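**Student:** Sharing a structure here in structure tokens format.
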Amino acid sequence: MSQSLPPIYFEDMFANNPDPWSFETSVYEAEKFEASIAALDGRAYDRALEVGCANGVLTQRLIPWCRRLLSVDVSVSALPSAPRRNLAADNVEFVNMVYPTQTPDTQFDLIVMSEVVYYWSAADIAAAGAWIAGHLDRGGDLLLVHWIGSTDYPQTGDGAVQLLRAAMPAMTVVRATRHEKYRLDLWRRP
């Protein structure tokens with residue numbers, strides 16, 4: 001598949017189920033989210049971007065570590081759940097955005113892409129890499145988490161990470177771990 005998955009793909013998923021990946025109830029998702037936060041090693045961030053926030057379950061775990069957090073999602077239908085879940089947080093903003101076609105014009109010291117890069121075409125992954133290179137602060141972190149099982153997406157989890165790595169060769173690999181069903185990569189901009 002040479003095209004990124006279109007927004008309607010995600011709209012259809014959320015139209016039929018407000019939690020299509022069981023973020024709220026899945027033990028796998030809870031363990032993956034816990035490992036994602038642990039990978040940050042207690043570091044606090046000034047300005048963070050979460051691409052693909054869906055219904056805000058991972059967002060809720062990121063909030064304490066970020067002074068300001070911009071959480072974006074391609075699905076208009078998914079977004080109303082995210083602010084409701086995070087009502088007490090005044091440091092997060094939720095925006096509908098078709099990343100990487102649309103991008104914020106802000107610098108970040110943390111960018112989180114959990115289970116999203118494999119939805120994109122190789123061209124969109126290259127565009128995302130170029131954008132990250134220009135909008136991630138020196139010393140800033142990029143956290144990637146991807147399912148490594150078979151998919152019908154444009155990329156596999158491993159393939160998506162390899163393509164993004166090729167687009168950003170200057171990044172320092174801080175962590176690259178494989179779990180039974182997913183991989184977790186933490187890169188830092190030197």
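**Student:** Using helices alone, I'd like the mean residue ellipticity at 222 nm for the chain: each DSSP H run of four-plus residues gives -39500 (n - 2.57), total over residue count, nearest 500. Intermediate values should be presented prior to the final figure.
**Tutor:** Working: 6 runs with 59 residues, N = 190.
So the helix-based figure for the chain works out to -9000 deg cm²/dmol.
**Student:** Suppose R0 equals 22 Å. What FRET efficiency, 1/(1 + (r/R0)^6) with r the Cβ-Cβ distance, do TYR28 and ALA133 give to the nearest 0.05?
**Tutor:** Details: r = 32 Å, r/R0 = 1.44.
Taking R0 as 22 Å, the efficiency between TYR28 and ALA133 is 0.10.
**Student:** Tell me the GluC sites (Glu not before Pro) within segment 1-93 that lie in a loop according to DSSP and have at most 15 other beta-carbon atoms within 10 Å. Walk me through the numbers before you get to the answer.
**Tutor:** Details: sites: GLU11, GLU24, GLU29, GLU31, GLU34, GLU50, GLU93; in loops: GLU24.
In loop regions of segment 1-93 (DSSP not H, G, I, E or B), the sparsely surrounded GluC sites (Glu not before Pro) are GLU24.
**Student:** Same structure, new question: If I stretch the segment between VAL98 and ARG188 completely, what's the gain in nm (0.36 nm per residue apart, minus their alpha carbon distance), one decimal? It would help to have the intermediate numbers written out before the result.
**Tutor:** Working: separation 90, 0.36 × 90 = 32.40 nm, distance 2.43 nm.
Full extension from VAL98 to ARG188 adds 30.0 nm.
**Student:** In whole Å, what three semi-axes, largest first, describe the equivalent ellipsoid of segment 7-188 built from its Cα gyration tensor (square root of 5 times each eigenvalue)?
**Tutor:** Numbers: eigenvalues 92, 75, 57 Å².
Semi-axes (√(5λ), whole Å): 21, 19, 17.
**Student:** Rounded to the nearest 0.05, what FRET efficiency do ALA170 and ALA15 give with R0 = 41 Å and r taken as the Cβ-Cβ distance? Could you check?
**Tutor:** The computed FRET efficiency comes out at 0.50.
**Student:** Follow-up question, since we're still on this one. Tell me the trypsin sites (Lys or Arg not before Pro) within segment 12-100 that lie in a loop according to DSSP and have at most 16 other beta-carbon atoms within 10 Å. It would help to have the intermediate numbers written out before the result.
**Tutor:** Details: sites: LYS32, ARG43, ARG47, ARG61, ARG67, ARG68, ARG84, ARG85; in loops: ARG43.
Taking segment 12-100 and a limit of 16 other Cβ atoms within 10 Å, the loop trypsin sites (Lys or Arg not before Pro) found are ARG43.
**Student:** Could you give me the radius of gyration and the Dmax of segment 1-111, taking only the C-alpha atoms into account and expressing both in angstrom?
**Tutor:** 13.9, 41
**Student:** Another one. With label points built 7 Å along Cα→Cβ from the Cα atoms of ALA35 and GLN3, find their separation and express it in nm.
**Tutor:** Roughly 3.3 nm, to one decimal.
**Student:** If you don't mind, there's one more thing I want to ask. Please order TRP21, TRP187 by the number of other Cβ within 10 Å, starting at the fewest.
**Tutor:** Working: TRP21 15, TRP187 24.
Starting with the residue having the fewest Cβ neighbours, the order is TRP21, TRP187.
**Student:** Between segment 76-94 and segment 1-67, what's the alpha-carbon centroid distance in Å?
**Tutor:** 12
**Student:** Work out the FRET efficiency for ALA123 and ALA88 from their Cβ-Cβ distance, taking R0 = 41 Å, and round it to the nearest 0.05.
**Tutor:** 0.55
**Student:** Sticking with this one: To the nearest whole percent, what portion of all C-alpha pairs in segment 90-190 is separated by more than 22 angstrom? Mind dumping the intermediate values first?
**Tutor:** Values: 1336 of 5050 pairs.
For segment 90-190, the fraction of Cα-Cα distances above 22 Å is 26 percent.
Coordinate-derived values only; no laboratory data. A quick note: this is a predicted structure, and the numbers were derived from the prediction, not measured. Neighbour counts run over all protein chains shown; Cβ positions are idealised from the backbone, glycine included.
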